[in-house]
1. Got at least one residue in region 157-169 being farther than 16 Å from residue 23 by Cα, assigned to a helix (DSSP H, G or I), at pLDDT 95 or above and not acidic (Asp, Glu)?
2. Limited to region 102-134, what total is found for residues that are out of contact with any helix residue (DSSP H, G or I) (no Cβ under 8 Å at 6 or more places or on another chain) and not polar (S, T, N, Q)?
3. I'm told residue 185 meets every condition in (1) closer than 25 Å to residue 25 by Cβ; (2) in contact (Cβ under 8 Å) with a residue 40 or more places away in the chain; (3) in a helix (DSSP H, G or I) except one. Can you identify the failing condition by its number?
4. Inside region 430-505, counting only helices (runs of 4 or more DSSP H) that do not spill past its ends, which hold 3 or more residues that are closer than 30 Å to residue 47 by Cα, among the aliphatic types (A, V, I, L, M) and modelled with pLDDT of 90 or more?
5. Among the residues of region 456-477, is there at least one that is farther than 30 Å from residue 241 by Cβ, surrounded by 16 or more Cβ atoms within 10 Å (Cβ to Cβ) and without any contact (Cβ under 8 Å) to a residue 40 or more places away in the chain?
6. Check whether at least one residue in region 69-86 is crowded, with 16+ Cβ neighbours inside 10 Å, under 22 Å from residue 437 (Cβ atoms) and aliphatic (A, V, I, L, M), and report yes or no.
7. From the list 32, 23, which one is assigned to a helix (DSSP H, G or I) and either under 18 Å from the mean Cα position of the chain (by Cα) or acidic (Asp, Glu) (or both)?
Amino acid sequence: MGVKKVSNVKSIMGIMALVLSGAIFICILKFARGADIWYDEVFSLMFVRGSVSDIIEATARDVHPPLYYIYLKAFTTVVTAILGEGSFYFAAKLASLLPWIILFAVNITYIRKRFGLFASGLFSLLITVMPQLSVYYLEIRMYSLALLLVTLHVLVAESYVSSGEKSCRFKCALFFLLGITTAYTQYYACIATIGIYLVVVIILFVDRESTVSKRRLSWILLSAILSCILYLPWIPTLLSQMKNISGSYWIQPLTLRSFAGCVKFVTLPEGNTSKIAYVSVGLMLFVIAAALVFSFIKTGHGLIRIMALMIAPSVIVVLSGFVLSALGTPIFIYRYLVPTLGAFWLFVAIILDKAIDRFSLILFLIPFILIGEMNFKGFSYEEQKKLDHAKTALEEVSEIPEDAVVITNFDHVTAVIAYYRPDLRVHLYEAPIDRLLLDGLGNIHELTKDADVKELVSSGQDVYFLGSFNSREEIVENWKGLGVSSELLGEALIERYWINIYKLR
């Protein structure tokens, strides 16, 4: 098949990929109608109750910068004003879906013109169906917003180092704005931004013989200095947060196996550990490596800049995670890679576009299709299950009378129940809970002992136990020895965990 026919086929496939990604996004959108939330999302929803100054104060005590929460508050305020207060959960999830919409708009305009229709369509499909991404378009957290900002930052950086003097100041201003915005959104996204700055400086320094490059380098250095100045007010808070979590945070130190864990996180379909899934991942990694080699053969050193800029965020995030872990502050988990994956999958789409110059090479896309299909199937199953069970769980929880006492043995359940039912007194059994939850929700009590349980039941109040894990059976058996009996009323899926609901007497 001739080059022109191959180009036509790729254009048609690009259009089909764009349409398909839009259709899949609509399928994702339907899962936003539920009120199911999990532990981390309680913090997001709790923070946006306050003013902007309250948000800044609360996040200073947390482990994230404040910008996402300010964005979430502004977005939910506008949407609920239009759709009504009953749309609050939908509005909060829609705030995480909006970055995909913006990125899609950028894709069909700028990316399509810059890298071609096939790369544009493939990129759109990859960031919609590849592992780990779909779930973060629904989660009421900062990851999808950070993904949008890091991807845009990379795109502006690539345009800045590749273009001439035209629009130099405007692009640098946009580069600066995206960088500082990203830095105040999520810390590992901030690290990704630092990586982008470093690559841009290196590229321009290597090309410093050019007058245009010298001028662009000076503007970037000025942008970096100004960004540091604007971030200075938050540095004491950052250092305080790191001091608070050092040596006591729940995240485990990284090991050499963590590199494989990062690859697995990015490539393995959700909830699928079958042989076909692992084979598909292996084939996909082989195709990416082969496409990289073919692209270098075809384009030479022209691809190096693009690769450096688009891979740098992922690389520096992983390496910084290992460095922090080695320094005794293991605060890296795999999901912190999510903000960098937009740039990563864009690079994959670009090299596939360059490598596929014959019709037969379109077979290279098969492992991507298989992984995308398996991942979206697993994602849809889990989201539908959460929707179905959340409705039942909320009905079960609503049966608990007002002003009743609820005892839990898992802080995640404590937080979610306390948020859903602010009229209840929620006690955490024999365990500490985050001080932010105690102060922010106001209806949580911690470190409830056996003697406290007996006293609560003896007081004549309605007391319920929402027991998690196998230890719940041991707990109720232990209480029986104290003269506290229990009646199993039912079970429910709260967050991601099955709980038994007991009435204590």
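1. Yes, because at least one residue in region 157-169 is farther than 16 Å from residue 23 by Cα, assigned to a helix (DSSP H, G or I), at pLDDT 95 or above and not acidic (Asp, Glu).
2. 2
3. (3)
4. Ranges flagged: 435-441.
5. Yes: one or more hits.
6. Taking every residue of region 69-86 in turn, at least one turns out to be crowded, with 16+ Cβ neighbours inside 10 Å, under 22 Å from residue 437 (Cβ atoms) and aliphatic (A, V, I, L, M).
7. Checking each option against the conditions leaves just 32.
A quick yes/no check of all residues on (1) under 19 Å from the mean Cα position of the chain (by Cα); (2) not in a loop (DSSP other than H, G, I, E, B):
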site	(1), (2)
62	yes, no
65	yes, no
76	yes, yes
88	no, yes
98	yes, yes
101	yes, yes
113	no, yes
125	yes, yes
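The values are calculated or read from the model by the stated rules, or taken from the named source; none is laboratory data. Bear in mind the structure is a predicted one, so any value in this text is a computation, not a measurement. All Cβ positions, even for glycine, are placed from backbone atoms using ideal geometry, and neighbour counts span all protein chains on display. Ligands, DNA and RNA are stripped out before the accessible areas are found, and what is left, the full protein with its side chains, is counted by its heavy atoms. Shrake-Rupley method; radii C 1.70, N 1.55, O 1.52, S 1.80 Å.
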